[in-house]
Amino acid sequence: IWIHWIYRSLDELYAGVCDGMTYEEIEQLYPEDFKRRQEDKFNYRYPRGESYLDILSRLDPLVMEMESYREPLLIVGHQAVLRLLYGYFIGKKREDCPRLSIPLNTVIKLTPRTYDCEEERISLSHDISQDDGQKEPPSH
């Protein structure tokens, strides 16, 4: 039996007044905010928006629920959310999660073991970009 749920806690990071802008537009219109985000992507909160820390707060109850499941889970989500969930399950420090690469068009299969997870990456198409979607200028 296939059962699926939709969890609003899996919604993408809300960029507030910058929602829908490219990183280049944010750099031009909000240069100070752009700089602060480059310096601390985990804690930076967009004006009237969210930070990775905010997403972590809304994911906490879902992660506890996921930990209780004994059957396979398929999580389809947005980049920021997937970085945090992936980082949690592979044991990364939360501050490192915003820079984790989650390639587009790729399934990341994590199989829990006693102290870690076995990881397998499955490309859904060799003709489609495997880019991770982080079209950001490098931090200086």
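Using the heavy atoms of the protein chains and a 1.4 angstrom probe, tell me the accessible area per residue for the chain in square angstrom.
Using a 1.4 Å probe on heavy atoms only, each residue of the chain averages 70 Å².
When N is the residue count of the stretch 1-86, what does its C-alpha Rg come to as a fraction of 2.2 N^0.38 Å?
The reported ratio for this selection is 1.29.
Calculate, for Leu29 and Val63, the FRET efficiency according to 1/(1 + (r/R0)^6) with r their C-beta to C-beta distance and R0 30 Å; round to the nearest 0.05.
Step by step, r from the Cβ atoms, then E = 0.30.
Quick one: dipole size for the chain, taken about the Cα centre, charges +1 on Lys/Arg Cβ and -1 on Asp/Glu Cβ, in debye to the nearest 20.
Dipole of the chain, to the nearest 20 debye: 280 debye.
Leaving ligands, DNA and RNA out of it, report the carbon-plus-sulfur percent of the accessible area of the chain at a 1.4 Å probe.
53
Could you tell me the number of lysine pairs in the chain with C-alpha atoms less than 17 Å from each other, where the two lysines are 8 or more residues apart or belong to different chains?
On the way: Lys35/Lys135; Lys41/Lys92; Lys41/Lys93; Lys41/Lys135; Lys92/Lys109.
Close lysine pairs under the 17 Å cut-off: 5.
The values are calculated or read from the model by the stated rules, or taken from the named source; none is laboratory data. Owing to the predicted nature of the structure, the values given are computational and were not obtained by experimental measurement. Note that each Cβ is placed from the backbone with ideal geometry, even for glycine, and that neighbours are counted across all protein chains shown. Only protein heavy atoms, including side chains, enter the accessible area calculation; ligands, DNA and RNA are left aside. Shrake-Rupley method; radii C 1.70, N 1.55, O 1.52, S 1.80 Å.
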